[in-house]
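The values are calculated or read from the model by the stated rules, or taken from the named source; none is laboratory data. Quick caveat: nothing in here was measured; it's all calculated off a predicted structure. Here the Cβ positions follow ideal geometry from the backbone for every residue, glycine too, while neighbour counts run over all protein chains shown. Surface accessibility is based on the protein's heavy atoms, side chains included, excluding ligands, DNA and RNA. Shrake-Rupley method; radii C 1.70, N 1.55, O 1.52, S 1.80 Å.
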Amino acid sequence: NIITATDRASLLTDQLLGFARGGKYEVTRINMNELIKDSESLFSPILRKKGELKVVVHPDPMIVEGDRTQLEQVVLNLLINAADALTETKARIILRCEPANEHTPGLHTTKHSRPADDFMVVRVRDNGIGMDEEILAHIFEPFFTTKTDKGTGMGLAMVYGCIENHHGWIYVESEPGKGTEFFVYLPRVK
């Protein structure tokens, strides 16, 4: 029990530091396609009991500058949340990594003057329970959770903080009963 409590406290501290833009931060060039494939191998054993994971990566390298550990935590956190939302027998998560284009949802939700192809997007889509407008309004707030028994409410807050720290942003589309899709935008390095 002590080890479990210590591990949870350590995880919560890491998430708080990520949210507060603190903690260890090592900037390197990262091929997000490779990070996505690594995340797939870590996550697939978790999902096998619940549904199917489909991964689609663009043939061109999606290079960003940032902290690999933090970006991997972002992807895994979104995948775990998607898995928690699955309820159907044909449960499915689609993880995509591709260049942004003018038609990618959420591209124009921030004030930037750069062209679409200056960004890449990681998309995590599930066909789970979805969220209503009231829940969507609070999902990035620290300590807000819909997982009453096992959630800390720091997962999406950490995701939000990390992506902002990487000069990106997140856009979400969701509908109750129809699933959710997260769009994580990051500046590409060419």
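Of all residues in segment 37-50 being at pLDDT 85 or above and in contact with a strand residue (DSSP E or B) (Cβ under 9 Å, 6 or more places away or on another chain), which is farthest from ASN77 (Cα to Cα)? The qualifying residue farthest from ASN77 (Cα to Cα) is LYS37.
Restricted to strands (runs of 3 or more DSSP E) entirely inside segment 76-175, those with at least 3 residues that are farther than 25 Å from SER10 by Cβ and out of contact with any helix residue (DSSP H, G or I) (no Cβ under 8 Å at 6 or more places or on another chain) are 92-99.
Conditions (1) in contact with a Lys or Arg (Cβ under 7 Å, 6 or more places away or on another chain); (2) at pLDDT 90 or above; (3) surrounded by 14 or more Cβ atoms within 10 Å (Cβ to Cβ); (4) more than 13 Å from PHE183 (Cα to Cα), marked per residue:
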site: VAL74; (1), (2), (3), (4): no, yes, yes, no
site: ASP84; (1), (2), (3), (4): yes, no, yes, yes
site: GLU98; (1), (2), (3), (4): no, yes, yes, no
site: GLY106; (1), (2), (3), (4): no, yes, yes, no
site: ASP117; (1), (2), (3), (4): no, no, no, yes
site: MET120; (1), (2), (3), (4): yes, yes, yes, no
site: GLY128; (1), (2), (3), (4): no, yes, yes, yes
site: PRO142; (1), (2), (3), (4): no, no, yes, yes
site: LYS147; (1), (2), (3), (4): no, no, no, yes
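Could you tell me whether GLU65 is of a type outside the set (A, V, I, L, M, F, W, C), surrounded by 13 or more Cβ atoms within 10 Å (Cβ to Cβ) and at pLDDT 95 or above? Considered against the rule, which asks whether it is of a type outside the set (A, V, I, L, M, F, W, C), surrounded by 13 or more Cβ atoms within 10 Å (Cβ to Cβ) and at pLDDT 95 or above, GLU65 comes out as yes. Contact map, segment 48-67: first residue in a loop (DSSP other than H, G, I, E, B), second residue open to solvent by 60 Å² or more (accessible area, probe 1.4 Å) and hydroxyl-bearing (Ser, Thr, Tyr), Cβ cut-off under 6 Å, separation 6 or more or different chains; pairs are ASP67/TYR25.
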